[in-house]
Amino acid sequence: MKTKNVFAIGLLSLALLSCGGGKKQQNTEGVQLQGTIEIDGSSTVYPITEAVAEEFKKIQPNVRVSIGVSGTGGGFKKFGRNELDINNASRPIKTKEIAICDSNKVEYIDLTIAYDGLAVIANPQNTWLETITVDELKKIWEPAAQGKIMKWNQIRSEWPDNEIHLFGPGVASGTFDYFTEAIVGESGSSRGDFTASEDDHVLVQGVASDVYGLGFFGLAYYEENMNKLKLIAVDNGKGGVKPTLETVASNEYAPLSRPIFIYVNKQATKREEVKAFVEFYMKNAAALSKDVGYIPLPDSLYTKELEKFTNFVK
Amino acid sequence: MTQHDKQKIKDKLFCTIGYVATFSGLLILAYFLIDIFIDGFHRIDYDFLMGFTSRKAENAGILPAWVGSVWILGLTVVFAIPIGIAAGIYFEEYAPKNKVTYMLEVNIANLAGVPSIIYGLLGLEVFGRLMGFGGSLLTGSLTLTLLILPIIIVATRESLKAVPQSLRDASHALGATQWQTIWHQVLPSSMGGILTGTILALSRAVGETAPLIVIGALAYVDFVPTSPMDNFSVLPMQIFNWTSRPQHSFIINAAAAIIILLAITFIMNSIAIYLRNRWQKKIQW
């Protein structure tokens with residue numbers, strides 16, 4: 001009896017779906033597309049691309065989308081071998097990677113899809129820290145600080161004479177690369193005596209339970225744990241700025257905000273499903289990136305990126 | 001205190017140490033299980049098992065992941081069991097005792113200790129690129145086959161060694177060939193051990209993530225794999241992906257997926273124990 005009902009409902013919804021789908025086709029993409037789209041790359045960009053793929057599936061159910069998380073570099077290796085349609089990248093392509101693309105005759109376009117901000121975080125009971133300058137961050141995190149800068153008052157004399165406890169992402173993460181490049185000046189160059197974890201939840205817990213703690217990680221992790229953490233403003237010489245939708249998008253919150261990208265293989269865009277996917281991506285990235293905790297570009301920029309893509313495909 | 005008393009105390013002491021050792025392992029396991037079940041059990045329902053992954057944790061399901069895991073398991077069984085058992089039989093029953101055999105033996109023992117990510121790199125190059133299977137289920141299962149082959153071979157050999165030589169001698173004395181002896185006498189009496197070792201090796205394969213990440217297992221697939229050449233995701237990939245998300249609700253999903261993965265391993269281990277008991281009952285020497 002029950003199974004019969006389920007079956008009937010299934011049939012009914014199938015009928016409804018096909019009617020609705022028919023109408024939608026005319027409004028949006030025109031035709032039901034088929035095929036597969038292979039995407040790989042950064043795990044930072046992954047949540048946005050996943051959200052886009054999920055929504056794309058609703059209008060193009062016959063297109064198969066698969067997304068891997070080999071990291072930006074791992075993705076570019078495959079991308080350069082012509083094995084991918086799209087690579088998720090949390091940094092621009094490197095010269096070495098361009099050379100590989102060239103040697104395999106892979107043409108591509110880069111599209112900016114959102115911003116990612118890094119948050120500098122302290123414990124809510126920390127009363128002395130509101131704003132920190134980029135130079136102070138450098139003084140704390142540079143390799144020379146190892147074993148030397150151990151107390152808060154070594155950074156600013158009015159701060160307490162207590163040990164500073166540092167928390168940061170592990171050295172294998174793109175966030176670590178990005179922070180060290182923006183603050184210390186060289187990617188991967190940092191002191192080694194801090195609590196490192198690939199799992200950002202561990203960092204959140206660490207700072208949340210340590211009054212003398214200081215850490216950094218992706219803004220999305222702060223937003224999920226606002227009540228446990230204190231967000232610190234970063235001063236790059238023009239006064240302290242806290243990361244918000246506006247300050248990150250306007251690049252006021254420099255240098256700890258970065259654009260993130262997708263790289264699209266030109267040969268792949270000759271396939272209708274890939275072209276439709278990328279167009280869908282640029283039209284919906286604003287809402288979807290915000291949905292998963294990232295910061296969207298201003299609308300005008302999305303239009304510009306979409307135009308850039310349309311010209312590229314021609 | 002006499003010498004005898006001293007020895008008695010030592011005996012008691014070791015008994016206590018053994019007791020504590022046993023229970024500390026169990027306690028940690030119990031803590032882990034309870035924690036996972038509290039977090040994740042309420043999340044498991046029909047939609048979770050039959051749904052696709054989603055940016056909204058409440059809507060996300062693990063269908064492609066567990067189907068991928070089952071595919072990987074099935075294919076690995078098909079490749080690993082015949083090769084592993086045949087190699088074990090060769091070593092124990094046929095191989096001449098010379099330097100070459102010795103070299104092979106030592107190397108297989110060494111292979112069992114190679115980190116799994118190395119197998120991933122090998123699989124990526126040999127199966128993925130040279131043979132052109134890409135990031136497919138086939139590449140994944142062949143890579144895992146390499147990973148667990150040494151374990152199966154060693155398990156097979158140990159079980160064959162446990163079969164008394166007199167049994168073989170008797171069979172030969174009755175005029176049976178080497179193969180007849182193996183097939184009708186030696187294998188049936190060692191099957192319990194072989195199967196146990198094999199299934200435990202497979203349980204390991206089902207939980208592996210590192211080599212599969214390397215060969216290109218995916219975090220997001222919006223289709224259920226239907227052929228060995230399809231790209232895929234597996235449960236450990238899905239768990240890994242979810243634990244790295246900022247939202248707490250994804251952590252709950254990860255806990256629920258861990259329960260499913262544990263259930264799969266648990267079922268496999270139960271099968272191993274059942275088979276062992278069944279085969280052991282049959283043996284009457």
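The values are calculated or read from the model by the stated rules, or taken from the named source; none is laboratory data. These figures come from a predicted structure and were not determined experimentally. FYI the Cβ positions are ideal-geometry reconstructions off the backbone, even for glycines, and counts take in every protein chain you see.
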Tell me the residue from B:205, B:217, B:201 that is buried (at least 24 other Cβ atoms within 10 Å of the Cβ) and either within 14 Å of chain A (Cβ to nearest Cβ) or on the phi > 0 side of the Ramachandran plot (or both), please.
B:217
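Could you look through segment A:130-168, keep only residues that are in a strand (DSSP E or B) and touching a residue at least 24 places away in the same chain (Cβ under 8 Å), and pick out the one that is farthest from residue A:230 (Cα to Cα)? If you could, list the steps in order and put the result at the bottom.
Just the residues of segment A:130-168 that are in a strand (DSSP E or B), to begin with: A:131-133, A:151, A:163, A:165-168.
When the remaining residues are screened for being touching a residue at least 24 places away in the same chain (Cβ under 8 Å), the result is A:131-133, A:163, A:165-168.
Numbers: A:131: 11, A:132: 13, A:133: 16, A:163: 18, A:165: 15, A:166: 15, A:167: 14, A:168: 15 Å.
Going through the qualifying residues, I end up with A:163.
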Among B:48, B:52, the single one that is surrounded by 11 or more Cβ atoms within 10 Å (Cβ to Cβ), closer than 24 Å to residue B:227 by Cα and more than 14 Å from chain A (Cβ to nearest Cβ) is B:48
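Conditions tested, residue by residue: (1) polar (S, T, N, Q); (2) assigned to a strand (DSSP E or B); (3) modelled with pLDDT of 90 or more.
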site: A:223; (1), (2), (3): no, no, no
site: A:227; (1), (2), (3): yes, no, yes
site: A:232; (1), (2), (3): no, yes, yes
site: A:238; (1), (2), (3): no, no, no
site: A:243; (1), (2), (3): no, no, yes
site: A:246; (1), (2), (3): no, no, no
site: A:255; (1), (2), (3): no, no, yes
site: A:260; (1), (2), (3): no, yes, yes
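Can you find a residue in segment A:198-208 that is in a loop (DSSP other than H, G, I, E, B) and touching a Pro at 6+ places or on another chain (Cβ under 6 Å)? Steps first, answer last, please.
So in segment A:198-208, the residues in a loop (DSSP other than H, G, I, E, B) come out as A:198-199.
Those left that are additionally touching a Pro at 6+ places or on another chain (Cβ under 6 Å): none.
No: segment A:198-208 contains no residue that is in a loop (DSSP other than H, G, I, E, B) and touching a Pro at 6+ places or on another chain (Cβ under 6 Å).
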Residue count, segment A:256-286 (criterion: more than 25 Å from residue A:77 (Cα to Cα) and out of contact with any Asp or Glu (no Cβ under 9 Å at 6 or more places or on another chain)):
2
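Among strands (runs of 3 or more DSSP E) lying entirely in segment A:24-111, which contain 3 or more residues that are within 12 Å of chain B (Cβ to nearest Cβ)?
Values: elements: A:35-41, A:63-67, A:86-89.
In segment A:24-111, the matching strands (runs of 3 or more DSSP E) lie at A:35-41, A:63-67.
Please determine whether any residue of segment B:101-113 is of a type in the set (S, T, N, Q), over 19 Å from the mean Cα position of the chain (by Cα) and either farther than 28 Å from residue B:237 by Cα or at pLDDT 95 or above (or both).
Step one: of segment B:101-113, the residues of a type in the set (S, T, N, Q) are B:101, B:107, B:110.
Those left that are additionally over 19 Å from the mean Cα position of the chain (by Cα): B:101, B:107.
With either farther than 28 Å from residue B:237 by Cα or at pLDDT 95 or above (or both) added as a condition, the list becomes B:101, B:107.
Among the residues of segment B:101-113, at least one is of a type in the set (S, T, N, Q), over 19 Å from the mean Cα position of the chain (by Cα) and either farther than 28 Å from residue B:237 by Cα or at pLDDT 95 or above (or both), which makes the answer yes.
Taking into account only those residues within segment A:282-294 that are within 14 Å of another protein chain (Cβ to nearest Cβ) and in contact (Cβ under 8 Å) with a residue 60 or more places away in the chain, which is farthest from residue A:248 (Cα to Cα)? I'd like the intermediate steps shown before the answer.
Our first condition is that a residue be within 14 Å of another protein chain (Cβ to nearest Cβ); within segment A:282-294, this holds for A:284-285, A:287-294.
Next cut, in contact (Cβ under 8 Å) with a residue 60 or more places away in the chain only: A:284-285, A:288-289, A:291-294.
Values: A:284: 19, A:285: 16, A:288: 17, A:289: 14, A:291: 16, A:292: 16, A:293: 13, A:294: 10 Å.
Taking the candidates together, the pick is A:284.
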Given (1) within 14 Å of chain A (Cβ to nearest Cβ); (2) under 30 Å from residue B:279 (Cβ atoms), index of the condition residue B:157 fails
(1)
Only one of B:84, B:18 is in the same structural domain as residue B:211 (by TED's automatic domain parsing), part of a helix (DSSP H, G or I) and of a type outside the set (A, V, I, L, M, F, W, C), namely B:84
Condition set out of contact with any Leu (no Cβ under 7 Å at 6 or more places or on another chain) and of a type in the set (Lys, Arg), scope segment A:196-253, selection farthest from the other protein chains (Cβ to nearest Cβ): answer is A:238
Could you list, in sequence order, the residues of segment A:285-314 that are outside any helix (DSSP H, G or I) and either at positive phi or among the hydroxyl-bearing types (Ser, Thr, Tyr) (or both)?
A:293, A:294
Residue by residue through segment B:55-81, note down the ones that are surrounded by fewer than 18 Cβ atoms within 10 Å (Cβ to Cβ) and not in a helix (DSSP H, G or I).
B:56
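Of all residues in segment B:92-109, which are of a type outside the set (A, V, I, L, M), assigned to a helix (DSSP H, G or I) and without any contact (Cβ under 8 Å) to a residue 40 or more places away in the chain? Before you say what the answer is, go through the steps one by one.
Of segment B:92-109, the ones of a type outside the set (A, V, I, L, M) are B:92-94, B:96-99, B:101-102, B:105, B:107.
So of that shortlist, the ones also assigned to a helix (DSSP H, G or I) come out as B:92-94, B:99, B:101-102, B:105, B:107.
B:99, B:101, B:102, B:105, B:107 - these are the residues of segment B:92-109 that are of a type outside the set (A, V, I, L, M), assigned to a helix (DSSP H, G or I) and without any contact (Cβ under 8 Å) to a residue 40 or more places away in the chain.
Confirm whether residue B:106 is assigned by TED's automatic domain parsing to the domain that holds residue B:229 and loosely packed, with under 15 Cβ neighbours inside 10 Å.
Working: assigned by TED's automatic domain parsing to the domain that holds residue B:229: yes; loosely packed, with under 15 Cβ neighbours inside 10 Å: yes.
Against the criterion (assigned by TED's automatic domain parsing to the domain that holds residue B:229 and loosely packed, with under 15 Cβ neighbours inside 10 Å), residue B:106 qualifies.
Which residues, counting only those in segment B:252-269, are among the aliphatic types (A, V, I, L, M), within 14 Å of chain A (Cβ to nearest Cβ) and in contact with a Phe, Trp or Tyr (Cβ under 7 Å, 6 or more places away or on another chain)?
Kept after step one, since they are among the aliphatic types (A, V, I, L, M), are these residues of segment B:252-269: B:252, B:254-264, B:267-268.
From the residues that got through so far, the ones that are within 14 Å of chain A (Cβ to nearest Cβ) too are B:252, B:254-255.
Scanning segment B:252-269 gives a single hit, B:254.
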With (1) touching a Gly at 6+ places or on another chain (Cβ under 9 Å); (2) within 26 Å of residue B:218 (Cβ to Cβ) as the list, and residue A:130 as the residue in question, which single condition is left unmet?
(2)
Could you name every one of the helices (runs of 4 or more DSSP H) located completely within segment B:166-285 that has at least 1 residues being more than 26 Å from residue B:115 (Cβ to Cβ) and under 26 Å from the mean Cα position of the chain (by Cα)?
B:187-207, B:248-282
